[in-house]
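So the structure is just underneath, and the comments pick up after that.
FYI, it's all coordinate maths here, none of it is from the lab. Keep in mind the model is a prediction, meaning the values are calculated, not measured. Ideal geometry is used to build each Cβ from the backbone, glycine not excepted, and the neighbour counts take in all protein chains shown.
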Amino acid sequence: MPLAGFAARQSVASGIHDDLFARALVLENRGEVAALVSVDVLALPGEFVNRVRRAIAERTGIGPETVMIACTHTHAGPVTISTFFNPEETVDANYMDELADAITESVAVAWRERFPARVGVGSGQVVGVGANRRSADLKPIDEEIGIIKIEDADRRLRAVCINYACHPTVLGPDNLLVTGDFPAFAIERIEKAIGADGKENAFAMFVNGTQGNISMGHSSELSAIGVITPGRTFERAAELGYLLGDATLGVLPKIETDADPKLYALKHPVELPLKDLPSVEEAALALKSADAHLERLNCHDEVSQKVNRAKSERLYASIAHFYAREARNSPDGYVTIELQGVRINEAVFVAVPAEVFVEIGLQIKQRATHHTFIVGIANGYIGYLTTAAAHDIGGYEVVSSRVAPEAEARLIEGILELERKIFDE
């Protein structure tokens, strides 16, 4: 199958380095339920998420509003969404049916096999994994690891969910092996540690954070056009994953758990303004011109720097054309997204269907009155959501964003309003 995430990737998957998973953590207390699902794919469309939520409700009775489906955002899994970076990619309907069944089954099994448990939320810190790929000094970043810890009634560790903000793009567009990238190695490290004494059914899972401009420091633009920089190896992915896993394991003993946790899930819609776009006709002409320019350079064997610039311009023209066509579905100039909050005691995990810039996540954490963790690429996907300041600079992420600079403030206020509501209930 084709692998999603890099427009410049030249071939289909040639093998499997490590398996991909749908992992589910289901919590229930005093009639309240929260189901957190982590799926090892790039992204999922909102309509697919809602379809799976309905299937879960039919199988288990769990309300759709309590189910959060987050993608790890690996760039080495099957194509599950057709979007800006490669509009020509097609989604295999049979695979999506199998994926829907797998996610539904993961939640159904978790619901069926639930047991008396103790739940705690805490955080740790990891240095040396993520870097800001749009900044010369590779900052700001978010070094916090959000952690959900599950013990059984005998205080045996049974599950760990970690939330950390970073693109799983250690492996680049030249990689043709299926992999969960560095989060897979973090999960491997944690699961080995918590299962070392022979406990059954202990597991770990990963959900991403505000990773829009956070990776290992590789240029997103160069990756998009197929330029491979050093260090994009499985050895490096393992090194970073183990670093994240060890940082998590180091803080786990300090996280207190509660046999009677407060649980609550709430959805909150937010309207985001779309950015100004050319007409479909104008965008099509610009794309045709960019194609012709790149073809001329390739024919004349021009130096790579010129060709790379032309490739970027062609990619940007393709993205503008994709969004211009999409804009016809939003004649009012807005896109409505679903924010979802899952409260666990005095912390809340907020799902956002976008690749949010880390500065936005840091600001929310600073302004929120309760411990707030953002779960990115969750419950759908609208592309990048950058800071307003980034629009003045431009670049791959800005071009790849559907929404206007004002979206930053609207998102922040929406999340803070959701936080207030979920703790008022």
**Prompt:** In the range 16-48, which residue that is within 28 Å of residue 315 (Cα to Cα) and over 14 Å from the mean Cα position of the chain (by Cα) is surrounded by the fewest Cβ atoms within 10 Å (Cβ to Cβ)?
**Reply:** 47
**Request:** Give the number of residues within the range 124-141 that are more than 17 Å from residue 168 (Cβ to Cβ), buried (at least 19 other Cβ atoms within 10 Å of the Cβ) and under 19 Å from the mean Cα position of the chain (by Cα).
**Result:** 1
**Message:** I need a count of the residues in the range 216-251 that are closer than 17 Å to residue 145 by Cβ and touching a Lys or Arg at 6+ places or on another chain (Cβ under 6 Å).
**Reply:** 2
**Hits in the range 354-398 (condition: under 20 Å from residue 273 (Cβ atoms) and aliphatic (A, V, I, L, M))** = 354, 356, 360, 364, 382, 385, 388, 389, 390, 393, 398
**Message:** Being of a type outside the set (Asp, Glu), more than 23 Å from residue 117 (Cα to Cα) and touching a helix residue (DSSP H, G or I) at 6+ places or on another chain (Cβ under 6 Å) narrows it down to one residue among 206, 185; which is it?
**Reply:** 185
**Asked** Which one of the conditions (1) assigned to a helix (DSSP H, G or I); (2) surrounded by fewer than 20 Cβ atoms within 10 Å (Cβ to Cβ); (3) aliphatic (A, V, I, L, M) does residue 91 fail to meet, given that it meets all the rest?
**Response** (1)
**Item:** Unique match (being free of Cβ contacts under 8 Å to residues at least 24 places away in the same chain, surrounded by fewer than 19 Cβ atoms within 10 Å (Cβ to Cβ) and farther than 25 Å from residue 26 by Cα) among 191, 271, 235, 282
**Value:** 235
**Asked** Here is a list of conditions, (1) part of a strand (DSSP E or B); (2) under 17 Å from residue 21 (Cβ atoms); (3) out of contact with any Asp or Glu (no Cβ under 9 Å at 6 or more places or on another chain), and residue 191 meets all of them except one; can you say which number that is?
**Response** (1)
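Test of understanding: among 179, 169, which residue is closer than 25 Å to residue 123 by Cα and either buried (at least 21 other Cβ atoms within 10 Å of the Cβ) or not charged (D, E, K, R) (or both)?
After ruling out the rest, the residue left standing is 169.
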